[in-house]
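The values are calculated or read from the model by the stated rules, or taken from the named source; none is laboratory data. Please read all numbers here as calculations on a predicted model, not as lab measurements. Neighbour counts run over all protein chains shown; Cβ positions are idealised from the backbone, glycine included.
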Amino acid sequence: MMSECLSVLIVDDNMELCRLLTESINNTGDMRVAATTGDGKAAMDMIRELEPDVVLLDIILPRLDGLAVLESIAIRDDGERPVIIVSTSVGSESIIKRAMELGADYYIMKPFDVNVLITRIRQIWSDKKEHACFFVKPCGIGAGRIIAGSGDMAQQDGTDAARTVTELIRSIGVTPNLSGFNYLREAVLMGMEEPARLENVTRDIYAILAEKYDTKARNIDRAIRCALISAQNKTKNPNGLLQHMQEPILFNNSRRPNNSQVIAFLAKKAGMRLADARKRGGILSN
């Protein structure tokens, strides 16, 4: 359990759901609900005034919808960006994609299990704190500066490594509602931070994630594998898991790349994108 008490803002026009979430979150001991609102415009004001750690944001809202709230957060240049978990009963791929592009950290479909949501909040917050150098205060979409960290990753100013990895994972068809999504994202980030870990993913990545999330390495592996299989099935092409990334890749002549190969590929691809961003002048000087 986290030692800090996270403040949560609930933005949803379903008052019964707000009541249930408030009761459940306040009973956790490590989170508290700072406020609730069912209005998008009011939500923007509350985010500025209350500076919550986490925002639970419904997409369909009166006055301003959830996407408009995300757009407002994306262009802010004051305060720290909160963790944003988007929820909705609308399963539109285009809406999900747009929400993630605007900076949502996670997407959950209604109806959802409140205990699962609370677990996701803890996981995402823990991920944010562990990879603090990857999460930056956005000054417009795609802009910002990494202000902490060490090694090559700390020098990648003007780029959000976590967001780059998230976009790449989504580009191969893995969606945030799958448990393997976050595991895969963390695995890729760990591989980027210390490439030597990619030589033994089970020992140097899965084992660390398993300890962090109180599970077993094989469960991490299985969740990532299920997420990749789900993505592959969507393509209707057994050989095309990564083909829409437009990369001529051969994985030991096998029909399906294994988890380690996908993690290594995504780490390499994300690193190339970050390096390219720096070459285009994305680095901010002091």
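Do we find a residue being surrounded by fewer than 20 Cβ atoms within 10 Å (Cβ to Cβ), within 29 Å of SER171 (Cβ to Cβ) and modelled with pLDDT of 85 or more anywhere in the stretch 88-98? Reasoning before the result, please.
Initially, the stretch 88-98 is screened for residues surrounded by fewer than 20 Cβ atoms within 10 Å (Cβ to Cβ), giving 89-95, 97-98.
Now narrow it down to the ones that are within 29 Å of SER171 (Cβ to Cβ): 89-95, 97-98.
Subset that is modelled with pLDDT of 85 or more: none.
No, every residue in the stretch 88-98 fails to be surrounded by fewer than 20 Cβ atoms within 10 Å (Cβ to Cβ), within 29 Å of SER171 (Cβ to Cβ) and modelled with pLDDT of 85 or more.
Here is a yes/no grid of residues against (1) of a type in the set (A, V, I, L, M, F, W, C); (2) touching a Pro at 6+ places or on another chain (Cβ under 8 Å); (3) assigned by TED's automatic domain parsing to the domain that holds TRP125; (4) modelled with pLDDT under 95:
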{"site": "THR22", "(1), (2), (3), (4)": "no, no, yes, no"}
{"site": "LYS41", "(1), (2), (3), (4)": "no, no, yes, yes"}
{"site": "ILE60", "(1), (2), (3), (4)": "yes, no, yes, yes"}
{"site": "GLU71", "(1), (2), (3), (4)": "no, no, yes, yes"}
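Does ARG32 satisfy the condition of being on the phi > 0 side of the Ramachandran plot, touching a residue at least 12 places away in the same chain (Cβ under 8 Å) and not in a helix (DSSP H, G or I)? Break it down stepwise before answering.
On the way: on the phi > 0 side of the Ramachandran plot: no; touching a residue at least 12 places away in the same chain (Cβ under 8 Å): yes; not in a helix (DSSP H, G or I): yes.
So ARG32 does not fit the description; no.
Report, ordered by the first and then the second residue, all pairs with beta carbons closer than 7 Å, sequence separation of six or more or different chains, a first member in the stretch 112-138 that is surrounded by fewer than 17 Cβ atoms within 10 Å (Cβ to Cβ) and of a type outside the set (S, T, N, Q), and a second member that is at pLDDT 85 or above and in a helix (DSSP H, G or I).
From residues that are surrounded by fewer than 17 Cβ atoms within 10 Å (Cβ to Cβ) and of a type outside the set (S, T, N, Q), the pairs are VAL114/LEU20; VAL114/LEU21; VAL114/SER24.
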